[in-house]
Amino acid sequence: SQWIDPAGGSWGDAGNWDSNEVPGSTSETLFNLEATYPVTIGTRTSGRSRIENGNVSFRNADLTLIGPLSIGGDAKLTLPEGTLKVSEITLGHLPPISPLTPTLAQLYVSNVGTAITGSTAINIGAASAGELFISDATLVSSQVRIGVNSPGTAIVGGSNANWFMSSLAV
């Protein structure tokens with residue numbers, strides 16, 4: 001299912017999706033609008049999710065992804081509240097269209113009480129540059145790889161920021 005409302009809205013509103021159906025627990029979701037918009041999630045389970053353009057904010061999230069979360073191009077995903085449970089996150093999953101126009105895929109996780117969990121494997125800087133920013137939020141991950149094939153950056157800040165991981169490769 002592809003998100004089609006550049007103004008944002010509720011994940012649970014079928015009219016916001018190209019299929020005119022709310023994505024189910026195995027549905028793949030794609031966010032690729034060149035816009036800045038909030039998506040109010042609520043409690044949802046979905047398949048893999050790709051953020052490939054624009055600046056998307058997942059609000060009021062209690063989201064479980066059965067597949068990976070991939071952020072590519074110049075896309076930015078912000079998680080300012082709630083929880084995201086996912087087994088794998090890749091930042092920079094798309095190669096740049098041209099080496100002359102590099103891209104930066106970004107994931108911003110912020111505010112006390114916001115968390116990403118799910119034995120998450122994180123790859124920052126896969127096919128293109130990626131950046132992870134954690135501000136006063138919590139991230140629980142298994143393996144973390146920074147600078148996989150492209151530049152990767154991880155910034156952790158704020159007195160309440162926590163990043164728990166089993167292994168780190170830079």
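The table below lists the values:
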| item | result |
| --- | --- |
| Candidates D18, D136, D62: whichever shows maximal mean-square fluctuation once the chain is modelled as a Gaussian network with Cα springs under 10 Å | D18 |
| Excluding exposed DSSP-loop GluC sites (Glu not before Pro) (at most 11 other C-beta within 10 Å), longest clean stretch of the chain | 35-170 |
| Within the accessible area of the range 16-63 (1.4 Å probe), percent carbon and sulfur | 37 |
| Sequence-separation-based contact order of the chain, relative, with Cα cut under 8 Å and 6+ spacing, percent | 14 |
| Cβ-Cβ FRET estimate between V170 and E28, R0 fixed at 35 Å, reported to 0.05 | 0.70 |
| Net charge contributed by nearby residues that have their C-beta within less than 14 Å of A115 (K/R +1, D/E -1) | -2 |
| Geometric extent, Cα atoms of the range 99-146 - Rg, Dmax (angstrom) | 12.3, 40 |
| DSSP-defined antiparallel bridges as percent of all bridges, the range 1-96, nearest 5 | 5 |
| Net charge dipole size for the range 1-118 [Lys, Arg +1 and Asp, Glu -1 on Cβ; Debye, nearest 20] | 280 |
| Karplus (6.51, -1.76, 1.60) ³J(HN,Hα), θ = phi - 60°, over the range 3-20, in Hz, Gly and Pro reported as x | 5, 10, 9, x, 8, x, x, 8, 4, x, 8, 4, x, 8, 10, 5, 7, 6 |
| Spatial separation of Cα centroids for the range 5-20 and the range 103-170, in angstrom | 28 |
| Residue-normalised accessible area of the range 42-170, given per residue in Å² at a 1.4 Å probe | 43 |
| For the chain, the Rg and Dmax computed from alpha carbons only, in angstrom | 14.9, 43 |
| Shape of the range 21-68, Cα gyration tensor, a/c cut at 1.5 | oblate |
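The values are calculated or read from the model by the stated rules, or taken from the named source; none is laboratory data. Worth saying up front: this structure is predicted, and the values here are computed from it rather than measured. Ideal geometry is used to build each Cβ from the backbone, glycine not excepted, and the neighbour counts take in all protein chains shown. Note: areas computed on protein heavy atoms with side chains; ligands, DNA, RNA excluded. Shrake-Rupley method; radii C 1.70, N 1.55, O 1.52, S 1.80 Å.
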